[in-house]
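Participant: Below is a structure I'd like to ask you about.
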Amino acid sequence: MAFKKFLYCADSHGDLIHDESRKKLLKFAEDFKPHYRIHGGDLWDFSPLRGGASPEDRAGGISEDYNAGIKFLDEYKPNILTLGNHDDRIWQIGRDNSNGVLREHCAELAKQSEVEFKKRKITWIPYVIGKYLRLPEGGPKFMHGFRSSMVSPAKLHHADWGSCIHGHVHKPDTYVATHADGGMSMSSGCIGDIEKMHYADRYSSKMGWRQGFIYGMINDKTGSWHAWHVIKEGGDWISPMGIL
Amino acid sequence: MKNAKTEKALSSLEWAIAQSVVPPRQEDEFTCEEFLRLGGAPSRSSAESKLKRMVSNGDLLKRPFCINGNCCMLYRKA
């Protein structure tokens, strides 16, 4: 019997990445030496492509955002990527936007992004409900996340997907299933800079957001697993291993 | 490091986004909500149908617009 290690991060949001979180994660990866690295989506922010983006948003362009996302892929080197709702904007607009010029160019960038994933040998899935990825040993389902409630997001995702690890809500949360079969679900903190995500400045839910990521171990024979949060609380990065 | 095709796709999309910038709202433009508030119609549904009729008669021009992330129509005199 042997255990394999995995590391999960999500919501880096392109050029809105939190530099301190990025450094903590990369240093943790260097020391922990995970067998699997998972990025749970929202690799990019793509705010100029948001429905209702202001002229100011659009004027900002997407090059810096896109390049920062690719740079983070090259640093973190994930084996698995589950695209998020922000990433999905280029796929969605590329498929069904009424502006033909924008649609065509988004479709082309989406296609080239798939080439970039392939070049880096990343197994990825689009942001589609019901789609998820798993490690070869089994264990939790990995996905970006779909439910946005701040009240027990891990429990809500568990109700729909069973044992899973997801991002999307930026709020660390754990739900241990009260079920004969056991199970557990976890919502991850984010790698994107909470202070820079101004779109949520008026939502009380933002107060539950934390910088953070998740690491875990999986039994390569049985698929049983456990995982833990690393969270920045105040000025400290707290993990079950101690202060990082 | 991105490949050359990705670089090209990225700069083309930047151009397309710049082209798709919607002109700002003008002083003489109004929404259905504002039309209703100023007494243009007794209810939301009658304001909508009244504005629709005026657009089809050629009295008003309309265009889609987003206010605080919500999409709506802006109207102005033709």
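Readers should treat all values here as calculations from the given coordinates under stated rules, not as data from a laboratory. In this text the structure is predicted, and so the values were computed from the model without any measurement. Methodologically, a virtual Cβ is constructed for each residue, glycine included, from the backbone with ideal geometry; neighbour enumeration extends over all protein chains shown.
Participant: In degrees, nearest 10, range 0 to 90: what is the angle between the Cα axis of helix A:100-119 and the longest Cα principal axis of chain A?
Facilitator: 40 degrees
Participant: From the convex hull of the Cα coordinates of chain A, what is the mean projected area in square nanometres? All intermediate terms of the calculation are to be shown ahead of the outcome.
Facilitator: Working: hull surface 53.9 nm².
Approximately 13.5 nm², given one-decimal rounding.
Participant: Something else about it: Less than 17 Å from a label point 7 Å out along the Cα-to-Cβ axis of A:Asp74: which backbone N atoms in region A:99-136 qualify, by residue?
Facilitator: A:113-122
Participant: Also: Among A:Tyr199, A:Tyr66, which comes first, then next, by fewest other beta-carbon atoms within 10 Å? Don't jump to the answer; show the numbers that get you there.
Facilitator: Values: A:Tyr199 13, A:Tyr66 27.
Ordered by Cβ neighbours within 10 Å, fewest first: A:Tyr199, A:Tyr66.
Participant: So how do B:Thr6, A:Thr82, B:Thr31, A:Thr222 line up by other beta-carbon neighbours within 10 Å, fewest first? Each step should come with its number before you reach the end.
Facilitator: Details: B:Thr6 21, A:Thr82 30, B:Thr31 18, A:Thr222 11.
Ascending Cβ contact count within 10 Å gives the list A:Thr222, B:Thr31, B:Thr6, A:Thr82.
Participant: I need the shape label for region A:104-230. Rule: rounded when a/c is under 1.5, else prolate if a/b > b/c, else oblate, with a, b, c from the alpha carbon gyration tensor. Walk me through the numbers on the way to the answer.
Facilitator: Working: a/c = 1.88, a/b = 1.11, b/c = 1.70.
Oblate.
Participant: Compute the long axis of helix A:63-76 from its Cα atoms, compare it with the longest principal axis of the Cα atoms of chain A, and write down the angle in degrees, 0 to 90, nearest 10.
Facilitator: Taking the Cα atoms of chain A, the angle to A:63-76 is about 20 degrees.
Participant: Oh, and also: How many partner chain Cβ atoms sit within 10 Å of a residue's Cβ in peptide B:14-24, on average, as a whole number? Each step should come with its number before you reach the end.
Facilitator: Working: counts 7, 3, 11, 14, 4, 5, 9, 8, 4, 1, 2.
Other-chain Cβ atoms within 10 Å of each residue's Cβ, averaged: 6.
Participant: By counting other Cβ atoms within 10 Å of each Cβ, how are A:Val169, A:Val151 ranked from fewest to most?
Facilitator: Numbers: A:Val169 25, A:Val151 10.
The most exposed by this proxy come first: A:Val151, A:Val169.
Participant: Another question about this same structure. What is the calculated FRET efficiency for B:Arg53 to B:Gln26, with r their C-beta to C-beta distance and R₀ = 22 Å, to the nearest 0.05?
Facilitator: Values: r = 22 Å, r/R0 = 1.02.
Efficiency, from the Cβ-Cβ distance: 0.45.
Participant: On alpha-carbon atoms, Rg over Rh for region B:27-78 using Kirkwood Rh?
Facilitator: Details: Rg = 10.5 Å, Rh = 11.1 Å.
Reported Rg/Rh, Kirkwood definition of Rh: 0.94.
Participant: So if R0 is 56 Å, what FRET efficiency would B:Lys62 and A:Lys33 give, r being the distance between their Cβ atoms, rounded to the nearest 0.05?
Facilitator: Working: r = 60 Å, r/R0 = 1.07.
Efficiency for this residue pair is about 0.40.
Participant: Tilt of helix B:44-56 relative to the longest C-alpha principal axis of chain B, in degrees (0 to 90, nearest 10)?
Facilitator: Result, in degrees: 80.
Participant: Now for a different question. What residues from region A:76-111 fall in the zone where the backbone N is under 17 Å from a label point 7 Å along the Cα-to-C-beta line of B:Asn3?
Facilitator: Within reach of a label on B:Asn3: A:107-111.
Participant: Would you pull out the residues with amide H under 5 Å of A:Asp45's amide H, same chain only if 5 or more places away, H placed 1.01 Å from N?
Facilitator: Hits under the 5 Å cutoff: A:Gly14, A:Asp15.
Participant: Roughly how far apart, in whole Å, are the Cα centres of region B:23-78 and region A:89-158?
Facilitator: Here the answer is 37 Å between Cα centres.
Participant: Please list, in order along region A:168-185, the HN-Hα scalar couplings obtained from phi with the Karplus expression 6.51 cos²θ - 1.76 cosθ + 1.60 (θ = phi - 60°), rounded to whole Hz, x for Gly and Pro.
Facilitator: 3J(HN,Hα) across region A:168-185, in whole Hz: 6, 8, 6, 10, x, 7, 9, 10, 9, 5, 9, 8, 4, 8, x, x, 7, 10.
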